[in-house]
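Data block below; observations after.
Just so you know, all these numbers are worked out from the coordinates, no wet-lab data involved. The model shown is predicted, which means the values in this text are computed figures rather than measured ones. Cβ: placed from backbone, ideal geometry, glycine included. Neighbour counts: every protein chain shown.
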Amino acid sequence: MENKYLLACCETEQQLSEAVRLRYLAYHNAGAIEENAMAEFRDKYDLLPNAATSIVYEEGAPVASVRACIYSKAHDFLPLPAFEVYRQEIEQAIDLDKTIVESNRFVIHPGKVDSKYLFKIPFRFIILNVLKFRSDYILTAVRPKHVPLYRRFLGLEPISAPKQYPGIHVEMIMMAGACNELLPVVMDKEELFRFTEEELDNYTFAASPALPALSY
């Protein structure tokens, strides 16, 4: 059966609320956070000008989300969430006068975690930001058991030992990759990660129109 998804950048408080409620559901279900009365998971980076959150809908229901945080001269080198825990390792692996996109707060609805199709869609948003800002590197923190998946899927390599990622009770390994090496490979493998010049021109980070609907 064909699954139809809509990938959108969170432009309104309602959309962001849907994303942070989905985060809470996914993290709480995984035992990564404590219960709270608001049933939301927000952090101080959500409203910073170098961060944008996307959300994936299936038939109008939120099913996945990811946040892109940009470290660049254009964004006054505002810090990434990863710097709170992995800064030393990042500095050793990456020249910090470069542009970096960190993929973080990636969640999938607990009822949808087995979907291989859905897993890929939020990363379209990450690749979009990599292309838009001509990023030199991608960073993301993953559970140790998922290191082989991200190495195979995005060509990332681990640069840290397991550490507790900010805000969640889970140890994660920081992975990194040079965009000039991994982009040609992932774009060749996945049509999903290819963008037209018009799509790149129309995307304005936190104030973008809804991204094109995707159908699988």
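Go ahead and estimate [θ] at 222 nm for the chain from helices alone: -39,500 (n - 2.57) per DSSP H run with n ≥ 4, summed, over the residue count, rounded to 500.
-10000 deg cm²/dmol
How big is the dipole moment of segment 4-215 about its Cα centre under a simple scheme where the beta carbon of each Lys and Arg is +1, that of each Asp and Glu is -1, and everything else is neutral? Debye, nearest 20, please.
Using Cβ point charges on Lys, Arg, Asp and Glu, segment 4-215 gives about 480 debye.
Going by how many other Cβ atoms sit within 10 Å of their own, how do 187, 175, 38 line up, fewest first?
38, 187, 175
Counting only other residues whose beta carbon sits under 11 Å from that of residue 43, what net charge do I get with K and R as +1, D and E as -1?
+2
Could you pull out the pairs from 116/163; 98/189; 112/145; 132/163; 116/189; 98/132 whose alpha carbons sit more than 22 Å apart here?
Table pairs above 22 Å Cα-Cα are 116/163; 98/189; 132/163.
Using log10 I(q)/I(0) by the Debye sum over Cα atoms at q = 0.07, 0.09, 0.18 Å⁻¹ as the read-out, say which of [x] -0.26, -0.43, -1.25; [y] -0.30, -0.46, -1.26; [z] -0.19, -0.32, -1.51 was calculated from these coordinates.
Derived directly from the coordinates: [z].
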